[in-house]
Amino acid sequence: MVFALKDIRKQKHLSRRELAEKSGVNEQTIRFLEEEINDPTNAKLSTLVKIASALHCKVRDLYPCEKNI
């Protein structure tokens with residue numbers, strides 16, 4: 001599974017620090033999620049909601065799925 005946090009953050013032209021400030025989520029947590037040091041599928045929903053809200057997206061956007069057509 002690919003976690004799209006880093007791509008979305010960059011599309012919004014935000015640094016990790018800026019996202020941390022906007023979301024109230026620790027910058028290290030954001031780094032760990034982006035680099036998949038911590039498995040993003042085990043992240044707390046409350047953390048993902050804060051990040052998604054700061055990025056003006058939905059939590060599901062952080063987990064893009066590939067569709068087999």
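Positive end of the charge dipole of the chain (Lys, Arg +1 and Asp, Glu -1 on Cβ, about the Cα centre): tell me which of Ala43, His56, Asn26 has its Cα farthest that way. Towards the positive end, the residue furthest out is His56.
Strictly greater than 17 Å: what percent of every Cα pair in the chain meets that? The partial results should precede the final answer.
Working: 768 of 2346 pairs.
Of the Cα pairs, 33 percent sit more than 17 Å apart.
Applied to region 31-45, the Karplus parametrisation 6.51 cos²θ - 1.76 cosθ + 1.60 on θ = phi - 60° returns per-residue 3J(HN,Hα) values of 4, 4, 5, 4, 8, 6, 5, 9, 4, x, 6, 9, 5, 5, 4 Hz, with x for Gly and Pro. For region 3-14, the Karplus equation 6.51 cos²θ - 1.76 cosθ + 1.60, evaluated at θ = phi - 60°, returns couplings of 9, 8, 3, 4, 4, 5, 4, 5, 4, 8, 6, 10 Hz by residue, with Gly and Pro reported as x.
Computed from point charges on the beta carbon alone (+1 for Lys and Arg, -1 for Asp and Glu), the dipole magnitude for the chain about its Cα centre is near 240 Debye.
Laboratory data are not the source of any read-out in this text; all were calculated from the coordinates shown. Treat the numbers as computed from the prediction; the structure is a model and nothing was measured. Backbone-built Cβ (ideal geometry, glycine too); neighbour counts: all protein chains shown.
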